[in-house]
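The values are calculated or read from the model by the stated rules, or taken from the named source; none is laboratory data. None of these values were measured; they are calculated from a predicted model. Ideal geometry is used to build each Cβ from the backbone, glycine not excepted, and the neighbour counts take in all protein chains shown. All accessible areas refer to the heavy atoms of the entire protein, side chains included, with ligands and DNA or RNA removed. Shrake-Rupley method; radii C 1.70, N 1.55, O 1.52, S 1.80 Å.
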Amino acid sequence: MASARIKRNKNNEITGYEIRVSRGYDASGKQITPYSTIWKLPEGWNNWSKKKQDKELEIAKAKFELACQKGEVKTRAEKKAEEAEKEKLTIQQQLEKDSEPTFDEAFELYINKTKSQKKINTIVGIKTTIKRALVHFKNQKLKDITENDCQEYIDFLLDECELAILTVIKHYKTLSAFFNWCVKDKLLEYNPLRGVVKPVDNSGNIKIKTFTIEEIKKIVEYIENEELIWQVATYLLIDSGIRRGELIGMRWCDINLETGRIDIINNTQYAEGYGIYDTNTKSGKSRVVFINDIVIEKLKQWKAFQKEIIEGQGLPSPVYIFTHLDGKRLSPQAPTVFFKDFGEKYGVEDCHPHKFRHTMATLMIQNGADIKTVSEKLGHSNIEITLKLYVHTNEEAQKAANNKFADLIW
């Protein structure tokens with residue numbers, strides 16, 4: 001049963017009742033601290049009859065006793081213990097949250113755990129692509145990143161950075177691969193990018209830039225004013241269609257100066273922290289290309305000159321074709337720098353190494369070479385890549401063939 005005792009103020013006026021509910025005794029016979037509450041006198045109490053006052057007090061006692069039975073009332077000690085437990089839980093949750101990795105911490109973990117499974121240039125590419133994301137999600141807890149956050153990031157790349165759609169697609173794929181790894185490594189429950197619509201390239205076939213025949217002739221004429229090493233590089237790029245990295249990765253043992261056969265094996269890369277290094281070709285496979293006599297003659301001239309200068313310094317015979325005259329290798333970035341300056345010097349617009357590759361493929365197809373042969377020479381992993389890049393060229397060939405057909409029939 002609940003009991004009640006009067007509570008008075010300093011003027012000895014009744015202000016309410018302390019209602020108590022017994023909790024019994026402990027094993028030693030000591031009374032357990034009872035549940036208690038202060039019931040303040042309701043408004044108009046002093047105007048009530050004694051009978052009504054007693055009735056209201058009994059109702060209050062019964063309500064409090066019922067609340068105690070339901071477990072809705074706590075003693076001060078229980079409240080203190082409960083508050084301490086809540087505080088402990090809060091601290092524990094905060095510690096757990098603090099221990100959760102941020103986006104950049106998780107990305108560093110991702111790179112460290114997967115770098116042994118990837119090529120150096122792949123790692124470098126991932127790091128380069130993810131740079132904007134590292135800034136965008138800086139210090140943000142990985143688990144706090146939502147689908148909306150990811151959508152905002154993709155929109156940011158498209159609208160504010162104004163990146164090309166193919167570049168944004170690359171960013172999307174790289175970020176998604178990272179999030180999928182986080183799920184696999186139990187850092188995330190799900191990939192927050194999964195609800196974001198993947199950007200789509202609706203631009204159709206890729207538009208490429210090529211040199212005209214007149215520009216090629218102009219380049220061949222003016223390159224004679226430059227160092228012999230760049231004459232060789234230019235002739236090779238025009239004639240073979242090889243990539244910049246394949247050019248710099250070429251060794252003397254890869255080329256037969258009698259037959260003009262070149263085995264394209266290496267693709268030279270440069271990465272900060274790694275320096276110059278060789279990898280496989282872009283398709284992962286070596287291939288054979290043949291060059292013409294005029295290019296072979298340039299190579300022979302360069303080999304003799306290179307050998308004379310380098311060995312004349314008491315240095316070993318050079319392994320690579322493209323070296324400085326102290327025997328050290330050229331950086332794969334060197335051709336880009338050279339042709340940029342060359343183009344500005346002689347008025348050749350948009351002059352860069354890869355443009356020679358596009359030009360060779362375009363001219364070969366326009367002059368009757370079949371797509372498969374061109375694809376093999378370029379080292380594409382499949383013919384669809386060649387078709388996508390040079391379909392406009394194929395259309396020109398079709399138009400020419402159609403005109404010939406018309407002449408025959410009509």
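Within the stretch 266-292, residues that are over 18 Å from VAL374 (Cβ atoms) have Cβ atoms under 9 Å from residues that are of a type outside the set (D, E, K, R) and modelled with pLDDT under 75 in these pairs: TYR277/ALA271, counting only partners at least 6 apart in sequence or on another chain.
The set of residues in the stretch 347-379 that are polar (S, T, N, Q) and at pLDDT 85 or above comprises THR359, THR362, THR373, SER375.
Name the single residue, out of those in the stretch 372-384 being within 21 Å of LEU236 (Cβ to Cβ) and among the β-branched types (Val, Ile, Thr), that is least open to solvent (accessible area, probe 1.4 Å). Filtering the stretch 372-384 for residues that are within 21 Å of LEU236 (Cβ to Cβ) and among the β-branched types (Val, Ile, Thr), the one least open to solvent (accessible area, probe 1.4 Å) comes out as VAL374. Flag not set for LEU378, criterion: without any contact (Cβ under 8 Å) to a residue 60 or more places away in the chain and hydrophobic (A, V, I, L, M, F, W, C). Within the stretch 154-175, the residues that satisfy the criterion of being over 22 Å from THR122 (Cβ atoms) and either part of a loop (DSSP other than H, G, I, E, B) or hydroxyl-bearing (Ser, Thr, Tyr) (or both) are CYS161, GLU162. Hey, among the residues in the stretch 127-153 that are among the aliphatic types (A, V, I, L, M) and part of a helix (DSSP H, G or I), which one's modelled with the lowest pLDDT? Per the stated criteria, the residue is VAL135.
Applying the set (1) among the hydrophobic types (A, V, I, L, M, F, W, C); (2) in contact with a Ser or Thr (Cβ under 9 Å, 6 or more places away or on another chain); (3) surrounded by 15 or more Cβ atoms within 10 Å (Cβ to Cβ) to PHE290 leaves exactly one unmet item: (3). Considering the stretch 28-69, and only residues there that are within 13 Å of TYR17 (Cβ to Cβ) and among the acidic types (Asp, Glu), the residue that is most open to solvent (accessible area, probe 1.4 Å) turns out to be GLU58.
To keep it simple, each residue is scored yes or no on (1) part of a helix (DSSP H, G or I); (2) at pLDDT 95 or above.
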position	(1), (2)
GLU297	yes, yes
GLU311	yes, no
GLY314	no, no
SER317	no, no
SER331	no, no
VAL337	yes, no
LYS340	yes, no
LYS345	yes, yes
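If the condition is being in contact with a helix residue (DSSP H, G or I) (Cβ under 7 Å, 6 or more places away or on another chain) and assigned to a loop (DSSP other than H, G, I, E, B), then the stretch 176-188 contributes LEU187, LEU188. Does the stretch 299-308 hold any residues that are among the hydrophobic types (A, V, I, L, M, F, W, C) and either in a loop (DSSP other than H, G, I, E, B) or buried (at least 16 other Cβ atoms within 10 Å of the Cβ) (or both), and which are they? Matches in the stretch 299-308: LEU299, TRP302.
Residues of the stretch 238-287 that are among the β-branched types (Val, Ile, Thr), more than 26 Å from ILE383 (Cβ to Cβ), open to solvent by 20 Å² or more (accessible area, probe 1.4 Å) and under 30 Å from the mean Cα position of the chain (by Cα): ILE276 alone.
In the stretch 103-154, the qualifying residues are those that are open to solvent by less than 100 Å² (accessible area, probe 1.4 Å) and among the acidic types (Asp, Glu), and the one that is farthest from ASN266 (Cα to Cα) is ASP144.
Considering the stretch 254-293, the residues that are assigned to a strand (DSSP E or B) and acidic (Asp, Glu) include one that is nearest to THR122 (Cα to Cα), namely ASP278. Set side by side, the residues LEU325, LEU363, LEU387 differ, and just one is open to solvent by 20 Å² or more (accessible area, probe 1.4 Å), outside any helix (DSSP H, G or I) and either without any contact (Cβ under 8 Å) to a residue 24 or more places away in the chain or over 26 Å from GLN269 (Cα atoms) (or both), which is LEU325. If we scan the stretch 209-218, do we find a residue that is within 34 Å of the chain's Cα centre (by Cα) and open to solvent by 30 Å² or more (accessible area, probe 1.4 Å)? Yes, the stretch 209-218 has at least one match.
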